[in-house]
Amino acid sequence: MQDKEVPVKIIERKLMRKGKVLDIYDDYVEVNGHKTHWDFIHHNGAAAVLPVTKDGKILMVRQYRHALNRYTLEIPAGKLDSPDEPKIECARRELEEETGYRSDNLSLLLNINTTVAFCDEFIGVYLATGLVKTQQNLDDDEEINVEEWELKDLLELIFTQQMTDSKTVAAILAYAAKTQMNIQF
């Protein structure tokens, strides 16, 4: 897909806050001859993994998300340790840390940008099969419960608006398309 010529010129970018996960900037830009101000959030990237057991169940993680002030049901995911870390290695690490399973059979399912209006976060989402039980290795600030789900039940959560995490919704729908509709990509 070819983009048109970009009509935006960045005049100045000011770092407002350097965080643990995000860097927040004030961007001063010119758009079609008009000067304006935009917020911009930089994220070094992340990886996620949709783990499928030998009997076809999907391993999901339930964890508290402070921004939503509630628990969510998601696929395992995490930020890259460094901007140049291969996303597949991050996915492999997060799978074992969060679920207590490892896999040597990871394949790219899809890539997503999570919030394109103001953030450059880019997530590589991988499919993991051939799971081998190891041990969960959570960070000090994590409390994660692992649950096995049927694909049909996860689809129901999506279509009844009970599941809204973008990476998880995208991964489950892509997996359903790939397996149930036999779509090859």
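The values are calculated or read from the model by the stated rules, or taken from the named source; none is laboratory data. None of these values were measured; they are calculated from a predicted model. Cβ atoms come from the backbone with ideal geometry, glycine included; neighbour counts cover every protein chain shown. We work out accessible area using only protein heavy atoms, side chains counted, and drop any ligands, DNA or RNA first. Shrake-Rupley method; radii C 1.70, N 1.55, O 1.52, S 1.80 Å.
Quick notes
- Considering residues of the stretch 1-15 that are assigned to a strand (DSSP E or B) and of a type in the set (A, V, I, L, M) only, the residue modelled with the lowest pLDDT: V8
- Here I183 fulfils each of the conditions (1) surrounded by fewer than 12 Cβ atoms within 10 Å (Cβ to Cβ); (2) at pLDDT 95 or above; (3) of a type in the set (V, I, T) apart from (2).
- Residues in the stretch 152-180 that are hydroxyl-bearing (S, T, Y) and in contact with a helix residue (DSSP H, G or I) (Cβ under 9 Å, 6 or more places away or on another chain) were compared, and the one that is least open to solvent (accessible area, probe 1.4 Å) is T168.
- Considering residues of the stretch 35-65 that are basic (K, R) and in a strand (DSSP E or B) only, the residue farthest from G130 (Cα to Cα): K35
- Within the stretch 111-130, the set of residues being surrounded by 20 or more Cβ atoms within 10 Å (Cβ to Cβ) and closer than 10 Å to L50 by Cβ comprises V125, Y126, L127, A128.
- Considering residues of the stretch 131-142 that are charged (D, E, K, R) and exposed (fewer than 12 other Cβ atoms within 10 Å of the Cβ) only, the residue modelled with the highest pLDDT: K133
- Failed item, numbered, when N145 is tested on (1) over 15 Å from I172 (Cα atoms); (2) assigned to a strand (DSSP E or B); (3) touching a helix residue (DSSP H, G or I) at 6+ places or on another chain (Cβ under 7 Å): (3)
- Strands (runs of 3 or more DSSP E) wholly inside the stretch 66-122 that include at least 1 residues being farther than 22 Å from M163 by Cα and at pLDDT 95 or above: 105-113
- Identity of the residue in the stretch 22-59, in contact (Cβ under 8 Å) with a residue 40 or more places away in the chain and open to solvent by 70 Å² or more (accessible area, probe 1.4 Å), that ends up farthest from A77 (Cα to Cα): W38
- Checking each residue in the stretch 29-56 for being closer than 28 Å to L154 by Cβ and in contact with a Pro (Cβ under 9 Å, 6 or more places away or on another chain) picks out G45, A47, A48, V49, L50, P51.
- The stretch 91-111 residues that are in contact (Cβ under 8 Å) with a residue 40 or more places away in the chain, paired with ones that are part of a helix (DSSP H, G or I) and of a type in the set (G, A, S) (beta carbon under 8 Å, 6 or more apart): L106/A91; L109/A171; L109/A174; L110/A170; L110/A171; L110/A174
- For the stretch 143-151, the count of residues that are open to solvent by 50 Å² or more (accessible area, probe 1.4 Å) and free of Cβ contacts under 8 Å to residues at least 40 places away in the same chain is zero.
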